[in-house]
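The values are calculated or read from the model by the stated rules, or taken from the named source; none is laboratory data. These numbers come from a predicted model, not from an experiment. Cβ coordinates were reconstructed from backbone atoms using ideal geometry, including for glycine residues, and neighbour counts include every protein chain displayed. These area figures cover heavy atoms from the full protein model, side chains too; ligands, DNA and RNA do not enter into them. Shrake-Rupley method; radii C 1.70, N 1.55, O 1.52, S 1.80 Å.
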Amino acid sequence: MANSPGSNPISHGSSLGAPLLIPSKEPGWDSGPGSEPQKVCVDDMLQNYCGEFGYWQLKHFVLTSLAWALEAFHTMVMIFADRDPGWRCVGGLGCDEKESNVCGLEPGSWEWEGGPGSSTVAQWGLVCGQKYKVGLVQALFFGGCMIGAGVFGHLSDSKLGRKGSLTAVCILNAIFGCLTSLAPDYSTYLLLRFVTGFSTGGVGLCSFVLATEPVGPTKRGVAGMSTFYFFSTGIALLSGIAYIFPSWRALYVASSIPSILFLVLVVPFISESPRWYLVRGKMNEAMKIMRTIANANGHHLPDGVSLALDDEANDASNGNQIWKAATVEKEAISGSIVDVIRSPITRIRLFLAVGINFTCSVVYYGLSLNVVNLETNLYLTVLLNAVAEMPAFTITAVLLDKFGRKPLAIGTQWFSAIFCFMGSLTGNVGISKVIRMCCGLLGIFGMAGTYNLLFIYTAELFPTVVRNAALGSATQAAQMGAILAPFVVILGGGFPFLVFGVCGLIGGMLASYLPETLNKPLYDTMTGLEEGELA
């Protein structure tokens, strides 16, 4: 297994205690043997010279992670837009407000509270025999997310980059969200929600990778875990926005405007990932960002220190290569999901990550639907559900660097599974109903920690050149789980809890086969990962 960053100069190009080499007389000089610039990987440069999480990283992290709130707006808006509004009798025969639904009532004897524009259900009569259409909208949205995660995962690793892909998905979200408010019929609405899901699927993974790649290895775990606070905060804010804008058409506009504000007020102040520049052969741009990070954090990056890919740093440390200049443009290195599958190391990791993300998503979204469907105030319920997840993020972040990724991934899933199994054994009457509700809350508490952890864990399992492609595949698996979750919930009774418990148990078992990534380097290339893991 590879050593921790900076602990092995042969593996990583430098050590934390290594003395600084004499800087070159000027950038770009050609050096001879024994006097070439010091070649270091991104992790070592952050640790030794730039700072792992200083002012620059904090500002960049906060600005980039705001995109998670945008994803929450576009994902959870369906809870309010597609809600089943209340109804009331308008006089005459054939109407009894004691009825649980309107299916048996005489037409014209009742009306929707808030009018037909209060939700899509009231707008197009999606009740009784048409109720399945509400579930179809949700399923197709997550289907779009699944496709978008794969497409933008590849684009962010290749041509568009992390920042370019994030900009693209935010533009599409703003356009599709506003167009959805103008949908004249259900079919158009269904199509627009699908394409919105397509663009939304790339928001989280692009934002996550862009926010965490410039962070040093010892701070990356906590930083990665903290991104989900922005998602939960977005859900909480959406509750307030939905309360202010009760009309579903106005709500779609109001939830799309933040994407426009993000593009205008935030994106110009976000930097591209230096790791992406490095693997694309753009050495000048990569070094420029690293110097900016060092200066903003109050450090100095000597001219004699040069950025290199992990496999190049390994070769230079072993004396196999003469390093020219850090400013020389190098050939771009690209990768795809095919490269992930070809490598025995990453292939196994990918299959395990896909399985864990799928089972985790079934439990997370399934339990979320159970909590939201409680017969309470919808706005308050969604708000409390979002707030309840935050302690799980905090606890997981605190324990992340103490116990490692692997034990937490196993423990949080099995914690959730235990309470899901308990919920499947309780009834739904009297005190048993309260116990089942508590089991559901504790189940989602544990799985929220897992869902958060999986992003940072999955990102650390794969090198920069294919990181977003692999993360996109894992996200696609999670979206498949999200599509399946509502159908499990429909079965009712204790059976959904039993399914969630089994998924949590299986997910924990799969996680036990993953390697630990705590204090391991964030590799840049497939070669660097293979050499580092076999060292």
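Miscellaneous remarks
- Pick from region 88-108, criterion surrounded by 14 or more Cβ atoms within 10 Å (Cβ to Cβ) and under 24 Å from PRO246 (Cα atoms), ranking: modelled with the lowest pLDDT: VAL102
- Pick from region 502-535, criterion touching a Ser or Thr at 6+ places or on another chain (Cβ under 6 Å), at pLDDT 90 or above and open to solvent by less than 50 Å² (accessible area, probe 1.4 Å), ranking: nearest to ARG347 (Cα to Cα): GLY507
- Qualifying helices (runs of 4 or more DSSP H) (wholly inside region 183-283; at least 3 residues being surrounded by fewer than 20 Cβ atoms within 10 Å (Cβ to Cβ)): 186-200, 217-244, 248-265
- Neighbours by Cβ (under 7 Å, 6+ apart or cross-chain): first from region 241-259, at positive phi and among the basic types (Lys, Arg); second open to solvent by 40 Å² or more (accessible area, probe 1.4 Å) and modelled with pLDDT under 95: none
- Members of region 399-443 that are over 29 Å from the mean Cα position of the chain (by Cα) and small (Gly, Ala, Ser): SER424, GLY427, GLY430, SER432
- ARG347 passes every criterion in (1) at pLDDT below 60; (2) surrounded by fewer than 24 Cβ atoms within 10 Å (Cβ to Cβ) apart from (1).
- Residues in region 260-294 that are more than 20 Å from SER158 (Cα to Cα) and either touching a residue at least 40 places away in the same chain (Cβ under 8 Å) or among the acidic types (Asp, Glu) (or both): ILE260, PHE262, LEU263, VAL266, PHE269, MET290, THR292, ILE293, ALA294.
One line per residue, one yes/no per condition, for (1) under 17 Å from the mean Cα position of the chain (by Cα); (2) farther than 21 Å from PHE176 by Cα:
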site: LYS219; (1), (2): no, yes
site: PHE231; (1), (2): yes, no
site: GLY234; (1), (2): yes, no
site: LEU237; (1), (2): no, no
site: ALA254; (1), (2): no, no
site: ILE260; (1), (2): no, no
site: LEU263; (1), (2): no, no
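- Taking residues in region 499-514 that are in the same structural domain as LEU425 (by the TED database), and partners anywhere that are part of a helix (DSSP H, G or I) and open to solvent by 50 Å² or more (accessible area, probe 1.4 Å), the pairs with Cβ atoms closer than 6 Å and at least 6 places apart or on different chains are GLY501/PHE421; GLY508/TRP414; LEU514/LYS406.
- Picking from residues in region 387-406 that are among the hydrophobic types (A, V, I, L, M, F, W, C) and in contact with a Leu (Cβ under 7 Å, 6 or more places away or on another chain), the one that is least open to solvent (accessible area, probe 1.4 Å) is LEU400.
- Residues in region 109-130 that are in contact with a helix residue (DSSP H, G or I) (Cβ under 9 Å, 6 or more places away or on another chain), open to solvent by 20 Å² or more (accessible area, probe 1.4 Å) and either in a helix (DSSP H, G or I) or under 19 Å from TYR365 (Cβ atoms) (or both): PRO116, GLY117, GLN123, TRP124, GLN130.
- Tallying residues that are open to solvent by 20 Å² or more (accessible area, probe 1.4 Å) and modelled with pLDDT of 90 or more within region 57-83 yields 6.
- Whichever residue in region 133-178 is surrounded by fewer than 24 Cβ atoms within 10 Å (Cβ to Cβ) and hydroxyl-bearing (Ser, Thr, Tyr) and, among such residues, is farthest from GLN476 (Cα to Cα): THR167
- Residue check for THR450: modelled with pLDDT of 80 or more, in contact with a Cys (Cβ under 8 Å, 6 or more places away or on another chain) and either on the phi > 0 side of the Ramachandran plot or of a type in the set (Ser, Thr, Tyr) (or both): yes
- Taken together, the criteria exclude MET437 from residues that are outside any loop (DSSP other than H, G, I, E, B), in contact with a Cys (Cβ under 7 Å, 6 or more places away or on another chain) and among the hydrophobic types (A, V, I, L, M, F, W, C).
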